[in-house]
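**Q** This is the structure I have questions about; it appears just below.
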């Protein structure tokens, strides 16, 4: 549950536990639901898609499980509070939430450095620069964003393969879908995801500027 925000329940990215409309929706559609009516199920689905990535980034840069959990809560509280400020014409949700995450990591690292400096100045070097490996982290966010735009059947096979580490035969066993169908869906899904990942930048999308200058925004 977010302090000062809604209760967030993991709905499952393609797991079948969330509502059909939510599971099949793009990130941007979900954000329109959050902004328009405070839809907690839509926020829950976004949490399920991106919470693990945000937590992983927190562990990488902050090296502390409690801080990583605080980071996830801070980011989604910001998403909830600033939903109305999200502008899909400027950037995808994946890029927007990445910026918020980077900003929060910088804030948490700065506060922790201040505490460490007071206790043991030499230990300050233990905290990496949040800019290190930023492209790798952003790519992971972009992958999830691309997956959210695929048809549910195509998204399912890539989620199980990319995040679950399953082979095509294991995906067939897990889902009950014939192996030949899994293979054809995987091929089609990879093609569609690749097209979305290499698509030209939308007019007004300033993600390249933000990468170069380290700017972030919360909405």
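Every number here is computed from the coordinates shown, using simple stated rules; none is lab data. Keep in mind it's a predicted model, so treat the numbers as computed, not measured. With ideal geometry, Cβ positions are generated from the backbone for all residues, glycine too; neighbour counts draw on all protein chains shown.
**Q** How many nm is it between the label spots at residue 187 and residue 65, if each spot is 7 Å from the Cα in line with the beta carbon?
**A** Placing both labels 7 Å beyond Cα along the Cβ direction yields 4.4 nm.
**Q** When you count, for each residue, the other Cβ atoms within 10 Å and take the mean per peptide, how do 36-42, 165-171 rank with the highest first?
**A** Values: 36-42: 16.1, 165-171: 14.3.
Listed from highest to lowest mean packing, they are 36-42, 165-171.
**Q** Based on alpha-carbon positions alone, could you give the equivalent ellipsoid semi-axes of the range 150-200 from the gyration tensor, as √(5λ), descending, whole Å?
**A** On the way: eigenvalues 82, 23, 13 Å².
Those come to 20, 11, 8 Å.
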